[in-house]
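One structure is given here, and the rest of the page talks about it.
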Amino acid sequence: MVKAQNIEKKYGNLTVLKGVNLEIAQAEIVSIVGASGAGKSTLLHILSTLDRADKGEVWLNGTEISTLKGKKLATFRNQKIGFVFQFHNLLPEFTALENVLMPALLAKKNRKEAQIQAEQLLEMLGLKARATHLPAELSGGEQQRVAIARALINQPAVVFADEPSGNLDSHNARELHKLFFQLREQFKQTFVIVTHNYELASMADRKLTMQDGVLF
């Protein structure tokens with residue numbers, strides 16, 4: 001599902017990634033841990049099309065993403081990739097339901113059908129009663145679950161999560177961790193998770209460590 005070959009990335013004179021190789025199977029949950037500045041988030045951003053490598057190739061679901069640009073890249077990202085970030089990145093002026101709907105509307109899906117799907121996702125995540133609330137009216141854990149529903153609305157092949165529980169208390173963090181595995185069982189999606197939370201990292205099918213720009 002995800003394949004990276006000889007990924008290198010520099011920022012100025014600083015080499016952040018030094019020939020990273022990685023393969024991840026369909027429906028596999030892989031965690032990436034390591035010290036701050038080791039290159040974890042940089043790798044995640046390259047794998048998820050948010051950044052480009054200086055050298056190397058990345059394949060997602062059989063497509064070499066370095067060959068995609070402009071609208072083709074945006075369409076691929078919208079249809080095949082889900083994102084979950086530490087700080088949710090919800091649009092404050094839209095309700096929980098509207099935030100979840102956004103990727104489906106960008107994909108030009110039928111609004112009525114997409115809304116039904118969004119409502120089902122929110123119900124599955126325990127947020128049916130919060131669908132019309134704005135992000136500011138939701139707790140941190142609720143906001144993160146809305147972000148997960150948004151990531152799932154287009155049934156992506158891969159979900160990338162960057163410190164998804166880093167902004168949550170221990171109870172909500174544990175609930176979020178369990179949720180990833182429930183979603184994998186239900187939707188058979190692949191999850192790639194960068195985290196400092198070793199409890200979450202150890203639950204994954206594989207735990208990889210990033211050190212000095214190389215994966216172990």
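The values are calculated or read from the model by the stated rules, or taken from the named source; none is laboratory data. Source: prediction; values computed, not measured. Reconstructed Cβ throughout: ideal geometry from the backbone, glycine too, with neighbour counts over all protein chains shown. Note: accessible area is taken over every heavy atom of the protein model, side chains too, but ligands, DNA and RNA are not part of it. Shrake-Rupley method; radii C 1.70, N 1.55, O 1.52, S 1.80 Å.
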- request: Would you mind stating whether Glu199 is open to solvent by 10 Å² or more (accessible area, probe 1.4 Å), over 23 Å from Gly19 (Cα atoms) and at pLDDT 90 or above?
  value: no
message: For region 1-16, give me each residue that is over 26 Å from Lys72 (Cα atoms) and touching a residue at least 60 places away in the same chain (Cβ under 8 Å).
response: Thr15, Val16
statement: Picking from Arg184, Arg145, Arg174, the residue that is basic (Lys, Arg) and open to solvent by 80 Å² or more (accessible area, probe 1.4 Å) would be Arg174
field: Options Ala114, Ala104, Ala136: the member that is part of a helix (DSSP H, G or I), more than 19 Å from the chain's Cα centre (by Cα) and surrounded by 20 or more Cβ atoms within 10 Å (Cβ to Cβ)
entry: Ala114
message: Return the pair list, or none, for Cβ contacts closer than 8 Å from residues in region 196-209 that are within 20 Å of Glu175 (Cβ to Cβ) to residues that are modelled with pLDDT of 90 or more and open to solvent by 80 Å² or more (accessible area, probe 1.4 Å), at least 6 apart or on different chains.
response: Ala201/Lys207
message: Let me spell it out: the conditions are (1) more than 21 Å from Gln117 (Cα to Cα); (2) at pLDDT 95 or above, and Ser48 meets all of them except one. Which number is the exception?
response: (2)
Residue in region 13-23 that is assigned to a loop (DSSP other than H, G, I, E, B) and surrounded by 14 or more Cβ atoms within 10 Å (Cβ to Cβ) present: no
message: So, in region 36-81, exactly how many residues are farther than 22 Å from Val100 by Cα, open to solvent by 30 Å² or more (accessible area, probe 1.4 Å), assigned to a helix (DSSP H, G or I) and without any contact (Cβ under 8 Å) to a residue 60 or more places away in the chain?
response: 4
